[in-house]
1. Cβ under 10 Å from Phe58's Cβ, Phe58 left aside: what net charge do those residues give with Lys, Arg +1 and Asp, Glu -1?
2. For the stretch 45-60, take each phi angle, set θ = phi - 60°, evaluate the Karplus expression 6.51 cos²θ - 1.76 cosθ + 1.60, and give the result in whole Hz per residue in order, putting x for glycine and proline.
3. Within 10 Å, count the other beta carbons around each residue, average over each peptide in 23-30, 10-17, and list them highest first.
4. What are the residues whose amide H is under 5 Å from the amide H of Glu74, where those residues sit 5 or more places off or on another chain and H is modelled from the backbone?
5. Once you charge only the Cβ atoms, +1 for Lys and Arg and -1 for Asp and Glu, what is the size of the charge dipole of the chain about its Cα centre, to the nearest 20 debye?
6. When only C-alpha pairs under 8 Å and at least 6 residues apart count, what is the relative contact order of the chain, in percent?
7. Which entry is the computed mean projected area of the Cα convex hull in nm² for this structure: (1) 9.2; (2) 12.2; (3) 7.7?
8. Calculate one ³J(HN,Hα) per residue across the stretch 82-99 by plugging θ = phi - 60° into the Karplus curve 6.51 cos²θ - 1.76 cosθ + 1.60, and present them in order as whole Hz with x for glycine and proline.
Amino acid sequence: MGILYLLGLLVALGCMVVLDRRFALFFWRDWRRAVVVLPVGIAVFLLWDVLGIHAGIFFRGETSFMTGLQVGRELPLEEPFFLALLCYLTMNLLAGMPLVTQAVLDRRDRSAR
């Protein structure tokens, strides 16, 4: 049971890759930009976490679904994977919104005819 959360994060990250590949959203649109943006986003959030931990604001949650391993004080192993998912999801959503908007407009135009 102690690895379910990490496995869930990895599955969700895999789904982000599949969506990205299918619709050329982030890495498949401009991989050079993506290999910079994603790690920078993760680093910013990790820094935020470390500062919050140092200030006594953030604490590691206890659950049987997590591995219990820590990469730092009060920083669980799963946190970088969660942050990667958060950043990747955000980039896919930002890149995908114009596609969704265009599809809605096209559908509206077809139904108006």
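None of the figures in this text is laboratory data; all of them are computed from the coordinates on show. What you are looking at is a predicted structure, and each value in this text was computed from that prediction instead of being measured. Cβ: placed from backbone, ideal geometry, glycine included. Neighbour counts: every protein chain shown.
1. Details: positive: Arg60; negative: Asp49, Glu74, Glu79.
Local charge sum for Phe58: -2.
2. These are the phi-based 3J(HN,Hα) values: 5, 5, 4, 4, 4, 4, 5, x, 5, 4, 7, x, 8, 9, 9, 6 Hz.
3. Values: 23-30: 17.2, 10-17: 14.4.
Per-residue Cβ counts within 10 Å, averaged per peptide and sorted highest first, yield 23-30, 10-17.
4. For Glu74, whose amide H was placed from the backbone, there are no distant partners under 5 Å.
5. On the way: 11 positive and 9 negative charges, 136 e Å.
It comes to approximately 660 debye.
6. Worked out over the chain, it gives 38 percent.
7. (1)
8. 4, 5, 4, 4, 4, 5, 5, 4, 4, 5, 5, 5, 4, 6, x, 4, x, 5
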